[in-house]
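See below for the structure under consideration.
The values are calculated or read from the model by the stated rules, or taken from the named source; none is laboratory data. Fair warning: this is a prediction, and the values are worked out from it, not measured in the lab. Here Cβ is always computed from backbone atoms with ideal geometry, including for glycine, and neighbour counts include all displayed protein chains.
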Amino acid sequence: HWSKHRVITCLDWSPQYPELLVASYNNNEDAPHEPDGVALVWNMKFNKNTPEYVFHCQSPVVSVGFARFHPNLVVGGTYSGQIVLWDNRSHRRTPVQRTPLSAAAHTHPVYCVNVVGTQNANNLITVSTDGRMCSWSLDMLSQPQESMELVYNKSKAVAVTGMAFPTGDVNNYVVGSEEGTVYTASRHGSKAGICEMFEGHQGPVTGLSCHNAVGPVDFSHLFVTSSFDWTVKLWSTKHNKPLYSFEDNADYVYDVMWSPVHPALFAAVDGMGRLDLWNLNNDTEVPTASVTIEGASALNRVRWGSGGKEVAVGDSEGRLWIYDAGECAKTCNWKKGSQSIGQGNNQREGKLQERGRRFI
């Protein structure tokens, strides 16, 4: 019952345990006595309708992630601006640590939580919608180790809605904003803060994903964004205009994510309950595979499993589906990928197979 009538706000697969998926949920207006914020950890190995772990807090959870390098910890960003930390070893369903609601930390919604670094030196990076970026040690959430205001051209702060780090980079990152502009930014160095501006979207940026498949060709400069303007756009950090705009949707596109293994494949979800897989080696006019989930309301989150075979999608009613990408997910020739990124060649193939529908 924890997930019923709650919007799924974020999804994340565990890097350590590939069968575990965490979903965060908004408040349920029909149940004012229940906690406003909920995060549920589901175990995909067992096809059951009860979560492995139930976590909650006082404010709606708008972002969530397994803490990389800390297998037992789950990080949540809340609507109030508080960052919360849950531990699955604890008997408590409430956070074991939380940040203060103070001017030194966040006082606006935190839609971005990201653990970056290495096993021995890692930080939690968070950004709130007032443009404040904080870096934390997971051992101590009482105050941020560093804090900076993301401001473009010394004018107003950027209202950040999404953040992504390129593979292996802990300093440079990309952010999407409420006004539709995308920016690159740095944590340290002479150019710390917002660096470049990328214009192209006509509505708020809802999803953002840096290319993260590792192979013989370096595509780490590529990223994709989704928006309320009904489009997905492909970008390179080397150009401030989109390389390509995918315009096959007839509703808000709520989220987008590159495949972790296939260099030319990404997934997107929209307000009509549609999940699309786009393969840039096949076609850029229509998706390679597409499914409209029967009975689903708006699909607002999509996440690939780390092996690149499964896709998890969540909807605005708190339901979660897992799809098997099948043939679409098979990796391709990287050199072919480098030639065709941005120039499609009209072939359609592949089907999406549902793997255990869950009306959770």
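Tell me, which residue of the stretch 200-218 that is more than 19 Å from residue 11 (Cα to Cα) and touching a strand residue (DSSP E or B) at 6+ places or on another chain (Cβ under 9 Å) is modelled with the lowest pLDDT? Among those that are more than 19 Å from residue 11 (Cα to Cα) and touching a strand residue (DSSP E or B) at 6+ places or on another chain (Cβ under 9 Å), it is 213. Going residue by residue through the stretch 41-48, is there one that turns out to be surrounded by fewer than 24 Cβ atoms within 10 Å (Cβ to Cβ) and under 19 Å from residue 135 (Cβ atoms)? Looking through the stretch 41-48, none of the residues is surrounded by fewer than 24 Cβ atoms within 10 Å (Cβ to Cβ) and under 19 Å from residue 135 (Cβ atoms).
Could you list all residues from the stretch 297-321 that are part of a loop (DSSP other than H, G, I, E, B) and in contact (Cβ under 8 Å) with a residue 40 or more places away in the chain?
Result: 298, 305, 306, 307, 308, 316, 317, 318, 319.
Here's the yes/no breakdown for (1) touching a Leu at 6+ places or on another chain (Cβ under 8 Å); (2) among the small types (Gly, Ala, Ser):
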residue: 67; (1), (2): yes, yes
residue: 82; (1), (2): yes, no
residue: 110; (1), (2): no, no
residue: 132; (1), (2): yes, no
residue: 139; (1), (2): no, no
residue: 143; (1), (2): no, no
residue: 147; (1), (2): no, yes
residue: 151; (1), (2): no, no
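Taking the numbered list (1) farther than 23 Å from residue 50 by Cα; (2) in contact with a Gly (Cβ under 8 Å, 6 or more places away or on another chain); (3) surrounded by fewer than 20 Cβ atoms within 10 Å (Cβ to Cβ) in turn, residue 325 passes all entries but (3).
Name the residues in the stretch 30-78 that are in contact (Cβ under 8 Å) with a residue 40 or more places away in the chain, over 25 Å from residue 310 (Cβ atoms) and among the hydroxyl-bearing types (Ser, Thr, Tyr), would you? Passing the criteria: only 78.
Set side by side, the residues 162, 180, 176 differ, and just one is in contact with a strand residue (DSSP E or B) (Cβ under 7 Å, 6 or more places away or on another chain), surrounded by 13 or more Cβ atoms within 10 Å (Cβ to Cβ) and at positive phi, which is 180. If you go through the stretch 110-129 and keep only what is surrounded by fewer than 17 Cβ atoms within 10 Å (Cβ to Cβ), in contact (Cβ under 8 Å) with a residue 12 or more places away in the chain and outside any strand (DSSP E or B), you end up with 118, 119. Name the strands (runs of 3 or more DSSP E) wholly inside the stretch 1-109 in which the number of residues that are among the aromatic types (Phe, Trp, Tyr) and within 18 Å of residue 126 (Cα to Cα) is 1 or more. Correct list: 61-66, 83-87.
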